[in-house]
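Some notes on the structure that comes next.
Any read-out appearing in this document is the output of simple, stated calculations on the displayed coordinates, not a laboratory observation. Given the structure is predicted, the values throughout are model-derived calculations rather than measurements. As a convention, Cβ positions derive from the backbone with ideal geometry for all residues, glycine included, and neighbour counts pool all protein chains shown.
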Ligand SMILES: [Zn+2]
């Protein structure tokens, strides 16, 4: 058992342990043979199935079985075991879990790979801590905007920088969305949004009375940020602010955590609370680092932010 495995349950008492996808996918060539990986499109097909957070479990299972049968891997014990343990590592089974897909990545630079080696499978938790502890930078500068959309500017004002970079990617990607179909119920529009990047269609249910929007991709449920599909729908409806319902406290910079008010103007989270909560998180992180003894410094902001962008 590594230091991290020992430290993890004692510090993060409510965390769920998951296998590291990166480690699993690193072993594939060894487990199925280099010829298969070199001479066929097995790896591309396998990766397309295991890394996709937009699949439901039933779709994953069907596609996995198809790959296994196409490449005659039914007798491969390692793959059979990994399939039996699929709940521990396949994103399709963590779609409703906050930050459940944060470990997803497909292409990384060398430096990123070494970064992953250092942080192993607790990257998601560390990312969350880092995003919360990024408040100092976020209070002292304003990030560069990349679109004309008012919703982007709103995100830049309220989120920490690290969180905003992830949200900004969604705003920019909304540009490549389009409509495939449209249904209308009494007060609800169901817009079938084409996502050009993944070549999939996601249905967004928009309640016209409240501006509540729910998207099938479940990005908000996973990471607490509006997805490109909802941003695109909001753009079409002229909604230029992130509705307060979709503003998750933990991603706010200190300025906005300090001033968080309800619709009557009452303080619902004062700055003392926000600061003490944040410093508690930083203390936990510091404790974790001491126990593990390997995480001497925090990763560079850009390095983490660029990784996060790949994780949607
Ligand atoms: Zn979506």
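Fully extending the segment from residue 237 to residue 67 would add 57.0 nm, taking 0.36 nm per residue of separation and subtracting the current Cα-Cα distance. Label-to-label distance for residue 192 and residue 209 is 2.7 nm, based on points extended 7 Å past Cα in the beta-carbon direction. Going from the fewest other Cβ atoms within 10 Å to the most, the residues 197, 169 appear in the order 197, 169.
What's the exposure ranking of 172, 55, going from fewest to most Cβ atoms within 10 Å? Spell out each step's value before the answer.
Working: 172 16, 55 22.
The fewest-first ordering by Cβ neighbours comes to 172, 55.
When each of the peptides 81-87, 220-226 is scored by the mean number of other C-beta atoms lying within 10 Å of its residues, the order from highest to lowest reads 220-226, 81-87.
Treat region 14-94 as a sphere of radius equal to its Kirkwood radius over Cα pairs and apply Stokes-Einstein at 20 °C in a medium of 1.002 mPa s; give the translational diffusion coefficient in µm²/s, rounded to a whole number.
163 µm²/s
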